[in-house]
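Peer 1: Right, I'll just put the structure down here and ask away after.
The values are calculated or read from the model by the stated rules, or taken from the named source; none is laboratory data. Keep in mind the model is a prediction, meaning the values are calculated, not measured. All Cβ positions, even for glycine, are placed from backbone atoms using ideal geometry, and neighbour counts span all protein chains on display.
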Amino acid sequence: MPPPARPVWTGQIRLALVALPVKLYSALDSREKISFNQIHEPSKQRIKYEKVVPGIGAVDKDEIVKGYEFSKGRYVLFSDEEFDALKVDSKKTLDMVQFAPSETIDPIYFDKPYYALPDGKLADEPYRVVRDALRRSKTVGLGQITMRGRSYIAAVKPYEDGLIVETVHYAEELRAAKGFFDEIPNGKSDPDLVDLAEELINRKKAKFDPAKFEDEYAAAVERLVKKKIERHGELVLEDQEEPSPDYGDNVVSLVDALKKSLAKKAAGKAAAANDDEEEAPAKPAKRPRAAAEKVKAAPRAKAPAKAAPKRAKK
C-alpha cells in the first residue's frame, strides 16, 4: 500500500557527517470506523454548540482568547500572536546524539511511531547504512525533533526493512509509578505457586500477532448500526451476539486455583508412588518361581539316565 499523500515531517536524520533525507508518515490509522452526532430526538435535528458568556449570550470566535487562571476567578490573557512567538523554530534536522541499547529504554516512554522513508534516490544508500548499523549494534538512535511547533525526544529504530521514528516522553511527562504501587503488600510468593503460574503462562506463550485481536466493541457497534438501518430505525435489543462468559460466583482467585492444581498434582504423585510400592514386591517374586521351575525340571529330565545302571546290576 503506498504511503499517504502528505508526510507529517520532512527533513534529515544525521549520524555525524552522514545526512539522511527522510519523510515521516504516521504509522497509526486515526480514521474512526464509526462516529456519532448528538441529535435532538423530538425534532431529529443535529445539536449544535454555541460558545456563550453568562449574561451576554453567544459570542463570536474573534472575541475569544486563551486565559490562564492564576487565582480563583482571575486570569491573565494571551493572544495567538504571543503563542506563535513562543513556538520553537521548526528545525529540519534530527541529530542522533546518543545511542542506547534498545532493552535499556522502558517501553512506557515511547509515544507515537512514524515510518521514515528515504526522500529521493540519493538517500537510498545512507538510509540502508544507518538502518543496518543500528540493527547490527542493537541500539536506538536518540535525538530531538521539532514538529508542529513542539520539540520531542525522538528514537530512530530499525523496523522490518526500514526505519521508524518514535516520539519519546520527557521524564516530567510521566507520573512516578512508586506512588501507585506503594499500597501493594510486601511478601514472598510461594515458589510452588509461581512455578504453576509460570507453567500456565508457558502453555499460552507465542509470538505476538496483532491480527489475532479484534476491536470487539467497534465490531459490535458496526453490527448494531447495520441492523438499525435494515429495520428502519426500530429498537434493536434482540438477536444479540453471544455475550462474554459471565462466571459469576464461580470465579476462583488465582491463588486458590493454583493451590487446587498443586493439590491435584501432589495427589497424583502420591498415587503413583503408592502404585510403585505395591507392584515392587510382585516383580521379584515371579523371578524365583520361574527359576525354581527350571531347576526342578532339570532333575526330572536326568532321572531316567541315573536309574538305568541300577537295573543293569540286578
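Peer 1: Are any of the residues in the stretch 190-198 hydrophobic (A, V, I, L, M, F, W, C), exposed (fewer than 10 other Cβ atoms within 10 Å of the Cβ), farther than 26 Å from residue 26 by Cα and over 22 Å from the mean Cα position of the chain (by Cα)? If you could, list the steps in order and put the result at the bottom.
Peer 2: Step one: of the stretch 190-198, the residues hydrophobic (A, V, I, L, M, F, W, C) are 193-194, 196-197.
Cutting the leftovers down to exposed (fewer than 10 other Cβ atoms within 10 Å of the Cβ) gives us none.
There is no residue in the stretch 190-198 that is hydrophobic (A, V, I, L, M, F, W, C), exposed (fewer than 10 other Cβ atoms within 10 Å of the Cβ), farther than 26 Å from residue 26 by Cα and over 22 Å from the mean Cα position of the chain (by Cα).
Peer 1: For residue 238, are the conditions met, namely being at pLDDT below 85 and either more than 21 Å from the chain's Cα centre (by Cα) or not hydrophobic (A, V, I, L, M, F, W, C) (or both)?
Peer 2: For residue 238, the condition - at pLDDT below 85 and either more than 21 Å from the chain's Cα centre (by Cα) or not hydrophobic (A, V, I, L, M, F, W, C) (or both) - is met.
Peer 1: Which one of the conditions (1) within 19 Å of the chain's Cα centre (by Cα); (2) farther than 30 Å from residue 258 by Cβ; (3) surrounded by 10 or more Cβ atoms within 10 Å (Cβ to Cβ); (4) of a type outside the set (S, T, N, Q) does residue 217 fail to meet, given that it meets all the rest?
Peer 2: Tallying (1) within 19 Å of the chain's Cα centre (by Cα); (2) farther than 30 Å from residue 258 by Cβ; (3) surrounded by 10 or more Cβ atoms within 10 Å (Cβ to Cβ); (4) of a type outside the set (S, T, N, Q), residue 217 fails exactly one: (3).
Peer 1: Can you run down the residue pairs with Cβ atoms below 6 Å, 6 or more apart or on separate chains, where the first is in the stretch 204-218 and within 27 Å of residue 34 (Cα to Cα) and the partner is assigned to a loop (DSSP other than H, G, I, E, B)?
Peer 2: Sorted first by the residue in the stretch 204-218, then by its partner, the pairs are 218/33.
Residues are listed down the side, and each one gets a yes or a no for (1) among the polar types (S, T, N, Q); (2) more than 30 Å from residue 12 (Cα to Cα):
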position	(1), (2)
34	no, yes
39	no, yes
58	no, yes
79	yes, yes
97	no, no
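Peer 1: Look through 171, 206 and report the one residue that is modelled with pLDDT of 85 or more and within 21 Å of the chain's Cα centre (by Cα).
Peer 2: Details: 171 fails: within 21 Å of the chain's Cα centre (by Cα).
The conditions single out 206.
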